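Asks: Once you've had a glance at the structure underneath, I'll fire off some questions.
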Amino acid sequence: MTTLKRNSHWMVLLLGTVCLVGAAGVWAQRDEGLKPSPMQHAQDLSSAFRQVVESSLPCIVSIQTRGKSIAVNGGNPFPFGDDSPFGELFKNDPRFREFMKQAPQQRRQVPMGMGSGFVIDSSGIIMTNTHVVQNAEVVTVRLHDGREYVAHDIKTDPKSDVAIIHIDAPGDLKALPLGDSNDVQIADWVLAIGSPFGLDLSVTAGIISAKGRGPGINEQEDYLQTDAAINPGNSGGPLINIHGEVIGVNTAISTRSGGYDGVGFAIPVNLAKWVSDQLIEKGQVDRAYLGVGIQELDNKLAKSYGLPVGKGVVVSQIMPGSPAEDAKLQPGDVILSLNSKDIRGASHLQGLVVQMDVGKPYPMTIFREGKEQEMQITFKPMPKEYSLRGGVNPVEPEAVEETKSEKYDNLGIKVAELIPELAQKYGFEESQKGVVVTSVEEGSPAETAGLSEGVIISKVGDSSIATLEEFHNAVKTQSPEKGVRLLVRTQRGPRFVVIFDDAEKQDK
């Protein structure tokens with residue numbers, strides 16, 4: 001058993017090293033009649049990592065922050081100072097001193113934080129995370145050689161979690177080269193360098209586990225996922241490829257233990273560079289916006305449209321006065337490409353849109369009513385109050401007189417005209433169009449799809465509906481094989497669902 005484990009160990013090293021040295025080196029050794037040993041492969045891999053670390057460490061910094069002091073329980077039982085008139089009045093009164101000892105007291109505590117960063121310009125410009133330095137009164141930067149400087153001119157972008165800080169250091173600083181995160185591939189070797197738990201400049205190794213992650217941490221997300229160990233304090237440090245180039249900014253972990261669980265996230269360096277360039281130049285980040293609600297084209301929706309899974313995103317909502325409204329986009333459109341780039345998902349589209357030039361027209365390909373269409377879209381500046389997320393808390397429906405409903409046994413729902421009383425009951429504006437679900441049968445296809453009482457249905461397939469008759473006619477045109485595609489609205493916003501008559505299809 002021990003031998004098997006050792007052999008497996010060397011096999012992993014062999015495979016990893018072949019990726020590193022490349023096929024050319026292997027063939028050269030064969031031509032010379034040499035047989036590389038597992039130890040040689042391990043040494044080559046170790047040597048490559050060591051060279052990257054030696055060139056990178058002088059560019060990486062540790063960051064300590066001090067926030068505003070806050071009041072907490074406990075403290076001096078006699079809180080008045082010597083110069084206070086209250087102190088003079090009560091200092092000789094033993095009864096007051098005894099009272100103060102027994103009463104809950106307040107003391108001041110100064111929040112402290114830690115993180116990492118790296119030099120991107122030899123003039124003293126350092127990149128890190130917004131959450132590392134935001135709301136800090138003092139930010140202290142410690143260089144690789146131990147020198148410390150107080151940072152100034154701190155500029156942050158909470159939407160992306162990228163921040164830029166400056167230090168007045170001599171001109172011997174070395175900038176870490178930035179790579180191209182678009183070239184990163186799954187299974188590429190990477191190194192994460194930072195100060196986890198305050199341990200300055202620690203190095204961990206791993207691979208790129210996935211791309212395009214959006215775990216819901218920030219408003220703008222397109223994370224690289226890695227299994228290189230990332231822990232508290234690593235935030236703001238670089239994720240480096242085997243060429244010594246930054247390909248990501250370590251920013252978060254997914255954990256149940258509070259520490260490393262094998263899933264870390266890094267902001268792609270291309271996004272971080274775009275944000276940092278604007279922070280340096282203008283002190284803020286100007287973004288373009290489209291003004292739509294979108295959702296992923298999952299298996300059920302893709303089947304209902306007759307499109308491949310993951311090709312494009314579905315428009316579920318159009319914001320008033322937005323570029324999307326100006327371009328005549330409609331709920332139910334599938335955005336397939338923007339500026340000749342195929343859309344892989346919601347975060348991909350979001351990342352493309354925000355970096356578009358305002359006022360310039362761009363080509364967009366959409367799928368509408370069974371065919372592709374070309375259109376032009378001209379973006380506007382994102383309003384300051386605009387959030388990349390939306391939604392409000394649902395309200396409890398109030399009692400209302402029974403309204404005429406129509407039952408659809410194949411779907412397992414009852415629907416009714418959306419009269420003003422029902423709109424008010426379920427917390428919608430009276431101008432809202434559609435029909436309302438008044439009941440959902442237990443175990444029905446509709447319940448499996450997530451429908452519930454109070455949901456508004458405003459579109460069936462490609463047809464907008466406002467009456468029971470329109471709903472009835474539209475449902476009849478839907479294909480049972482592809483499912484019944486509905487645009488529904490709850491208090492949390494609109495979304496598309498697909499209901500299949502067959503419960504087994506529903507679960508697939």
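The values are calculated or read from the model by the stated rules, or taken from the named source; none is laboratory data. Bear in mind the structure is a predicted one, so any value in this text is a computation, not a measurement. Note that each Cβ is placed from the backbone with ideal geometry, even for glycine, and that neighbours are counted across all protein chains shown.
Asks: Tell me, yes or no, whether the stretch 292-315 has at least one residue that is within 16 Å of ARG495 (Cβ to Cβ) and of a type in the set (Ser, Thr, Tyr).
Replies: Scanning the stretch 292-315 turns up at least one residue that is within 16 Å of ARG495 (Cβ to Cβ) and of a type in the set (Ser, Thr, Tyr).
Asks: Tell me whether the stretch 157-165 contains one or more residues that are surrounded by fewer than 16 Cβ atoms within 10 Å (Cβ to Cβ) and of a type outside the set (Ser, Thr, Tyr). Spell out how you get there, then give the answer.
Replies: At the first step, the residues of the stretch 157-165 found to be surrounded by fewer than 16 Cβ atoms within 10 Å (Cβ to Cβ) are 158.
From the residues that got through so far, the ones that are of a type outside the set (Ser, Thr, Tyr) too are 158.
Scanning the stretch 157-165, I find at least one residue that is surrounded by fewer than 16 Cβ atoms within 10 Å (Cβ to Cβ) and of a type outside the set (Ser, Thr, Tyr), so the answer is yes.
Asks: Another question, if that's okay. Among the residues of the stretch 330-382, what is the count of those that are in contact with a strand residue (DSSP E or B) (Cβ under 9 Å, 6 or more places away or on another chain) and over 21 Å from SER160 (Cα atoms)?
Replies: Narrowing the stretch 330-382 to residues in contact with a strand residue (DSSP E or B) (Cβ under 9 Å, 6 or more places away or on another chain): 330-340, 342-368, 372-382.
Narrowing the set further to residues that are over 21 Å from SER160 (Cα atoms) leaves 330-340, 342, 359-368, 372-378.
Total satisfying the criteria: 29.
Asks: Here's something else I'd like to know. Looking at the stretch 355-374, can you tell me whether even one residue there is under 21 Å from the mean Cα position of the chain (by Cα) and modelled with pLDDT of 90 or more?
Replies: Looking for residues that are under 21 Å from the mean Cα position of the chain (by Cα) and modelled with pLDDT of 90 or more, one finds at least one in the stretch 355-374, hence yes.
Asks: So, ILE294, is that one over 18 Å from VAL497 (Cβ atoms) and hydrophobic (A, V, I, L, M, F, W, C) or not? Step through it out loud before you land on a result.
Replies: On the way: over 18 Å from VAL497 (Cβ atoms): no; hydrophobic (A, V, I, L, M, F, W, C): yes.
When the stated conditions are applied, ILE294 does not pass them.
Every residue, every condition in (1) assigned to a strand (DSSP E or B); (2) at pLDDT 95 or above; (3) within 13 Å of GLY117 (Cα to Cα), yes or no:
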position: GLU137; (1), (2), (3): yes, no, no
position: ASP145; (1), (2), (3): no, no, no
position: SER160; (1), (2), (3): no, no, no
position: ASP168; (1), (2), (3): no, no, no
position: GLY171; (1), (2), (3): no, no, no
position: LEU176; (1), (2), (3): no, yes, yes
position: ASN182; (1), (2), (3): no, no, no
position: ALA187; (1), (2), (3): no, no, no
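Asks: Also, I was wondering about something else. What pairs come up if the first residue lies in the stretch 170-191 and is in the same structural domain as ILE208 (by TED's automatic domain parsing), the second is hydroxyl-bearing (Ser, Thr, Tyr) and assigned to a loop (DSSP other than H, G, I, E, B), and their beta carbons are under 7 Å apart, counting only those six or more places apart or on different chains?
Replies: Correct list of pairs: GLY171/SER122; LEU173/SER122; LYS174/SER122; ALA175/SER122.
Asks: Have a look at ALA228, ALA210 and point out the one that is small (Gly, Ala, Ser) and in a strand (DSSP E or B). Write out each step before concluding.
Replies: On the way: ALA228 fails: in a strand (DSSP E or B).
Result: ALA210 is the single residue among ALA228, ALA210 that is small (Gly, Ala, Ser) and in a strand (DSSP E or B).
Asks: Among the residues of the stretch 451-465, are any of a type in the set (A, V, I, L, M, F, W, C) and without any contact (Cβ under 8 Å) to a residue 24 or more places away in the chain?
Replies: Step one: list which residues in the stretch 451-465 are of a type in the set (A, V, I, L, M, F, W, C), which gives 451, 455-457, 460, 465.
Narrowing the set further to residues that are without any contact (Cβ under 8 Å) to a residue 24 or more places away in the chain leaves none.
No.
Asks: Just wondering, is there one or more residues in the stretch 131-152 that are assigned by TED's automatic domain parsing to the domain that holds ILE280, within 18 Å of LEU239 (Cα to Cα) and under 28 Å from the mean Cα position of the chain (by Cα)?
Replies: yes
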